[in-house]
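So the structure is just underneath, and the comments pick up after that.
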Amino acid sequence: MNLKAVGIVYRKEFTEWVRDRRTLISTVLVPLFLFPVIMLGFTALAVELVGKAKQEIPKIMVLGGEDSPDVLASLRKLDNFQIVPYDQNYREQISDKQIRAAVQIPAGFQSALQNGSTKTVEIYYYEGELKSSFGADRIEKFLKDYREQVVKDRLAAKNVPASVLTPFEIKQENVAPPEKVSGSSVGGFIGYLVVLLCMTGAMYPAIDLTAGEKERGTMETILSSPISRMDLVLGKFFLVLNASLATAALSVLSMGISFSALRRFNSSASSGRGEAAALLLHLGLKTVISIFVMALPLAVFFSAVLMTIALFAKSYKEAQSYLTPMTFLVIIPAIASMLPGVELTPKLAFVPILSTSLVCKEIMSGTYHWNSMAIIFGSTCVYAGVALFLAFKTFQRESVLFRS
Amino acid sequence: MIEARSLSKRFHDKKRGAIRAVENVSFRCAPGQIYGLLGANGAGKTTTLRILATILEPSDGTALVCGHDVVEEPEKVRGKVGFLSTATALYPRLTAQEMVEYFGRLNGLDEPTLKKRVDDIFERLDMNEFRERRCDKLSTGMKQKTSIARTLVHDPPVMIFDEPTLGLDIMTARTITTFIRKCRNNGKTVIFSTHIMSEVEKLCDTIGIIHDGKLLAEGTLGQLRERHGEQDLEEIFVKVVNALQSKAEA
């Protein structure tokens, strides 16, 4: 191996890479701007929409209740409902979003309350429709308050204190540090993202440097130079690896910034300012280096595999059709790592892609299982080595290089 | 000096089975001479030249280029060869200068030598006007000049041209043929393939007629005329090829 020659090839490939508009989009623009836009933009939009839905005074229809004037009077007193006149087509009106919900006061409701028997009040609403749910929730809250008041009145009538209903209180308290909490909640997604972007970042340059070179007719040009095939493959490989890692790094960076901005946004909206920097704190140097080290052999693996497969194609388009199914092969184990209950086990540590995704999730929540990390790093290195060897061998095959 | 010794190349095709692209081809080409491989499409010219440029490996036989064996020392051979064909394109996102410099560096030139060599070639080929222009923005003529500069940057003693004028307009093709002639005058060993008879007549010191992977006839233009009793090279070519086909049918 001639390192100088490898460097010459790498430098030239790098020059061409940065001049390619597709590279700029897939490696820099998408990871840097897409995630913040999606995350912050969608969150802000969701907050805005939910806020508006909550502010709306829902139109509610009351069915029955003619013999229960007290409950009707209490309902009418509230200013967060707009009670509309009865119409027998109330079901259609709810479905058509003309009214948000309807409440059915059963016959004899008031007298049942007085003699202690139980009746059922039904609420009709449109499941999955946000404004209808809010309307139904308001009716339910009113009815619960009303029920509680009835109970209190009954207890008072019998000289029993209201505290008899709550002999003790229950309180849940989180004891995990805030960074672990945030790591557990978003760590799976970070792992998924790192794995996926290591691959997508490598995909375009892998195609461009192999099938793209064949299509443009420069493969024969470079093969006529005195550089050895091994040095040529290595120079190309390092560029693909570089693209893969750059995409993943920029994405994680932009995700980190987006999450912390989101947290600040949320905490300033509520009270918990102390947790604001939790994610930012946990994307500290140790986390970043650990994720980078664990992702490195996977990026090598992806780069070599993608180059090998793309080399079989005669054109950019053909290579894309070969590599698109690869995306699914990568997404499935990466998504599996996000499923609740899927934890890193010694057996899973040998499963490529899934293991790296899982270990990133662990690292994000501040857990470092050094033995598992060593197994994952070692096994992925072996897979990466095999893939790189295959890439070298494929570059030696005339039937592949000059496929017509 | 090029010396091909019983070169053979077999390919395997899924539909057609084993294909003998080149069969037992031997010839010599000395410095200061142009050897022309004349043949129809699919005759085995490109495969032969690719073997000499070590882009392909022979199935049998070997060749010596400047004393280096194409099988044993392919990288050394490539360092002595400038290879130009219509299939050797340029990198679209590099400038003409970057393209030539890249190949100079791959050929092991140090930076001061490279700069001197590049300046000299760009001056000689009148390329200074577009040296900073990207290759995808060059005209066909400019691209050909850049390709020539790329093959010359390491000053190779052997030049291999595979149908270098294929698909080019008259003026660009003329640039190439003038360049080939200059290479010979500068003492380089030149081998080139073509199916254009007039090019062979104008340029070649020795002509090899290749058909169906076999070298059927070889000699100077005068020797071929005398041997086959024809003045026109096209007639000679047809006669040689027909003789092979009649032999095969018999």
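The values are calculated or read from the model by the stated rules, or taken from the named source; none is laboratory data. Because the structure is a prediction, the values reported are computed rather than measured. Don't worry about glycine lacking a Cβ; one is built from the backbone with ideal geometry, like all the others, and counts go over all protein chains shown.
Among the residues here, A:VAL164 qualifies as β-branched (Val, Ile, Thr), over 30 Å from A:GLN82 (Cα atoms) and assigned to a helix (DSSP H, G or I).
Which ranges mark the helices (runs of 4 or more DSSP H) fully within region A:1-110 that have 3 or more residues being within 14 Å of chain B (Cβ to nearest Cβ) and under 30 Å from A:ALA248 (Cα atoms)?
Details: elements: A:3-18, A:35-55, A:69-77, A:90-95.
By residue number, A:3-18.
For region B:220-250, a tally of residues being surrounded by 15 or more Cβ atoms within 10 Å (Cβ to Cβ), closer than 15 Å to B:GLU201 by Cα and not aliphatic (A, V, I, L, M) returns 3.
Return the residue satisfying two criteria in turn: it lies in region B:102-132 and is surrounded by 16 or more Cβ atoms within 10 Å (Cβ to Cβ) and of a type in the set (Lys, Arg), and of such residues it is nearest to A:ILE8 (Cα to Cα). Among them, the one singled out is B:ARG105.
The listed residues are A:GLU343, A:GLU318, and the only one of them that is at pLDDT 90 or above and assigned by TED's automatic domain parsing to the domain that holds A:LEU197 turns out to be A:GLU318. One residue stands out in region B:45-71 among those that are away from chain A (no Cβ under 14 Å) and among the hydroxyl-bearing types (Ser, Thr, Tyr): the one that is surrounded by the most Cβ atoms within 10 Å (Cβ to Cβ), namely B:THR48. Among the criteria (1) more than 9 Å from chain A (Cβ to nearest Cβ); (2) touching a residue at least 60 places away in the same chain (Cβ under 8 Å), the one B:GLY82 does not fulfil is (1). Residues satisfying the criterion are present in region B:92-101 (criterion: of a type in the set (Gly, Ala, Ser) and surrounded by 19 or more Cβ atoms within 10 Å (Cβ to Cβ)).
Taking every residue in region A:95-109 that is in contact (Cβ under 8 Å) with a residue 24 or more places away in the chain and under 11 Å from A:ILE123 (Cβ atoms) and pairing it with any residue that is assigned to a strand (DSSP E or B) and of a type in the set (Lys, Arg), at least 6 positions away or on another chain, the pairs with Cβ-Cβ distances below 6 Å are A:ARG100/A:LYS59.
Among residues of region B:87-106 being farther than 23 Å from B:THR165 by Cα and part of a loop (DSSP other than H, G, I, E, B), the one that is farthest from the other protein chains (Cβ to nearest Cβ) is B:LEU94.
With respect to being exposed (fewer than 12 other Cβ atoms within 10 Å of the Cβ) and out of contact with any Asp or Glu (no Cβ under 9 Å at 6 or more places or on another chain), A:LYS180 falls outside the description.
State all residues of region B:93-144 that are of a type in the set (Ser, Thr, Tyr) and farther than 29 Å from A:ASP208 by Cα; if no residue qualifies, say none.
First, the residues of region B:93-144 that are of a type in the set (Ser, Thr, Tyr): B:95, B:102, B:113, B:139-140.
Across region B:93-144, the qualifying residue is only B:THR113.
Where in region B:1-44 are the strands (runs of 3 or more DSSP E), entirely inside, with at least 2 residues that are within 14 Å of chain A (Cβ to nearest Cβ) and of a type outside the set (Ser, Thr, Tyr)?
Details: elements: B:2-13, B:17-29, B:34-38.
It comes to B:2-13, B:17-29.
Residues in region B:107-161 that are without any contact (Cβ under 8 Å) to a residue 12 or more places away in the chain and in a helix (DSSP H, G or I): B:GLU111, B:PRO112, B:THR113, B:LYS115, B:LYS116, B:ASP119, B:ASP120, B:GLU123, B:ARG124, B:ASN128, B:GLU129, B:LYS137.
With A:LEU24, A:LEU45, A:LEU32, A:LEU75 as the choices, which residue is in contact with a helix residue (DSSP H, G or I) (Cβ under 9 Å, 6 or more places away or on another chain) and either surrounded by fewer than 13 Cβ atoms within 10 Å (Cβ to Cβ) or not assigned by TED's automatic domain parsing to the domain that holds A:THR210 (or both)?
Numbers: A:LEU24 fails: either surrounded by fewer than 13 Cβ atoms within 10 Å (Cβ to Cβ) or not assigned by TED's automatic domain parsing to the domain that holds A:THR210 (or both); A:LEU45 fails: in contact with a helix residue (DSSP H, G or I) (Cβ under 9 Å, 6 or more places away or on another chain); A:LEU32 fails: either surrounded by fewer than 13 Cβ atoms within 10 Å (Cβ to Cβ) or not assigned by TED's automatic domain parsing to the domain that holds A:THR210 (or both).
When all the criteria are applied, what remains is A:LEU75.
Entry remark, region B:210-235: residues being at pLDDT 90 or above and touching a Lys or Arg at 6+ places or on another chain (Cβ under 7 Å) number 3 in total.
Looking for something in a loop (DSSP other than H, G, I, E, B), at negative phi and either outside the structural domain of A:ASP70 (by TED's automatic domain parsing) or surrounded by 10 or more Cβ atoms within 10 Å (Cβ to Cβ) (or both) - is there at least one such residue anywhere in region A:130-145? No, because not a single residue in region A:130-145 is in a loop (DSSP other than H, G, I, E, B), at negative phi and either outside the structural domain of A:ASP70 (by TED's automatic domain parsing) or surrounded by 10 or more Cβ atoms within 10 Å (Cβ to Cβ) (or both).
Kindly establish whether B:ASP136 is surrounded by fewer than 19 Cβ atoms within 10 Å (Cβ to Cβ), over 23 Å from A:GLU220 (Cβ atoms) and within 13 Å of chain A (Cβ to nearest Cβ). Give the steps one after another, and end with the answer.
Working: surrounded by fewer than 19 Cβ atoms within 10 Å (Cβ to Cβ): yes; over 23 Å from A:GLU220 (Cβ atoms): no; within 13 Å of chain A (Cβ to nearest Cβ): yes.
No, not satisfied.
Inspection of region A:208-229 finds no residue satisfying the criterion of being within 14 Å of chain B (Cβ to nearest Cβ), within 18 Å of A:ALA384 (Cβ to Cβ) and in contact with a Phe, Trp or Tyr (Cβ under 7 Å, 6 or more places away or on another chain).
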